[in-house]
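Nothing in this text is a laboratory measurement; each read-out follows from the coordinates by a stated rule. Predicted model only: the values in this text are computed from it and were never measured. In this analysis, Cβ positions are derived from the backbone assuming ideal geometry, glycine residues included, and neighbour counts consider all displayed protein chains.
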Amino acid sequence: MGDRDSVYGFGTLGIDVVAVSDSEQAAHSFRQLASGKYAIIYITESLAAELEAEIDKISDREIPAVIPIPGIKGNNGIGIKNLKKAVEKAVGSDIIFND
Amino acid sequence: MASKTVNPTRMELTRLKKKLVTAIRGHKLLKDKRDELMRQFLDMVRENKTLREEVEQSIAQANRAFALARAMMSDEALNAALLAPKQEISIELESKNIMSVNIPVFHTKTRTPDENDIYSYGFAFTSADLDEAVKSLSEILPRLLLLAEREKSCQLLAEEIEKTRRRVNALEHVVIPETQESIRYITMKLDENERSTQIRLMKVKDMMLKQAHGY
């Protein structure tokens, strides 16, 4: 899910596409997707930043996996940031991304 | 300390000794678990990192192609072209167990086996850029799915490592020292009781001897 320009291409691959325009509607559809039949939710990074609270809520479940991907407006680094957070949580300090 | 509240009895002592043995054993096991989890996690996180960088780059590329296609075609034509996807993907979920952490493994199935089915339009009214864009997206797809699997696994593993580490620390710094302290307290108390009984008996013996023989 994400803004329309970023996501419509994925439809051709057979992925269900949810285009959202404002964050309120986004939160609503995200909750719906999360409790639905999906195993993976790809979400544009800009939207992921807005919905961080919602995503954190379901992050300890096995599915769905919420994966931020760069949208058409580019990359804001939230995907790498999440990875960093996981490393910090597990190791205690960041030992992989400090280069 | 907790030793103030324990009963200095032999029964309690036996119980505590058993508890200590269990705690030490549990501590060792959990420590091993943590180390192994950490090893797996670090491997996975490195893989995850490179995968993510790759995917992010290719998506950016695909997005550029889409932007071009969008510029070349009218909105309506583009919508019409992408409106009805031919392909459909479904995911079968399986979970794999790594050190008692269930991590997901995704198996994907496409509805039609032909990979060309990603083009949901005839080529007559669309620009070549669109073909390019769709093709580049479809090339990312397997890695995108792998990324999802890895990333979720990393998250779950991190969670588990944190939990395990907390348990190891609790055992190492709280449970085991406290039990040892209690055991020491009871042993000392019991020894002290023993000594006082001994002395009491000696005293009684002295008194009895005095009475009987007038020493």
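Could you give me the ³J(HN,Hα) list for region B:24-40, computed from phi with Karplus coefficients 6.51, -1.76, 1.60 and θ = phi - 60°, whole Hz, x at Gly and Pro?
5, 5, x, 4, 5, 4, 5, 5, 4, 4, 4, 4, 5, 4, 4, 4, 4
How do B:Met73, B:Met202 rank when sorted from fewest to most other Cβ atoms within 10 Å of their own Cβ?
B:Met202, B:Met73
Pull up the cross-link candidates among the aspartates and glutamates for B:Lys17, meaning alpha carbon to alpha carbon under 13 Å and not fewer than 8 places away within one chain.
Leaving aside aspartates and glutamates fewer than 8 places away in the same chain, those within reach of B:Lys17 are B:Glu178, B:Glu181.
Among all the lysines, which ones have a C-alpha under 28 Å from A:Lys85's C-alpha, if same-chain residues fewer than 8 places away are not counted?
A:Lys85 reaches A:Lys37, A:Lys57, A:Lys73, B:Lys28, B:Lys31, B:Lys33, B:Lys49, B:Lys96, B:Lys152, B:Lys163.
May I ask you to sort B:Lys203, A:Lys81 by Cβ crowding, counting other Cβ atoms within 10 Å and putting the fewest first?
B:Lys203, A:Lys81
Got a sec? How would A:Glu24, A:Glu88 order by Cβ neighbour count within 10 Å, fewest to most?
A:Glu24, A:Glu88
Net charge around B:Arg200, counting only other residues with Cβ within less than 12 Å of its Cβ (Lys, Arg = +1; Asp, Glu = -1)?
Neighbour charge sum, excluding B:Arg200 itself: +1.
Gap in Å between the Cα centre of region B:16-43 and the Cα centre of region B:137-157?
Region B:137-157 and region B:16-43 have Cα centres separated by 31 Å.
Under the Karplus relation 6.51 cos²θ - 1.76 cosθ + 1.60, θ = phi - 60°, what is the ordered set of whole-Hz ³J(HN,Hα) values for region A:39-45, x standing for Gly and Pro?
Karplus values, whole Hz, x for Gly and Pro: 9, 10, 10, 8, 9, 5, 5.
Collect residues whose amide H, placed 1.01 Å from N in the peptide plane, falls under 5 Å from the amide H of B:Val6; neighbours closer than 5 in sequence don't count.
none
Skipping prolines and chain starts, which residues have an amide H placed within reach, meaning under 5 Å, of the one on A:Ile40, given they are 5 or more residues away or on another chain?
A:Ala65
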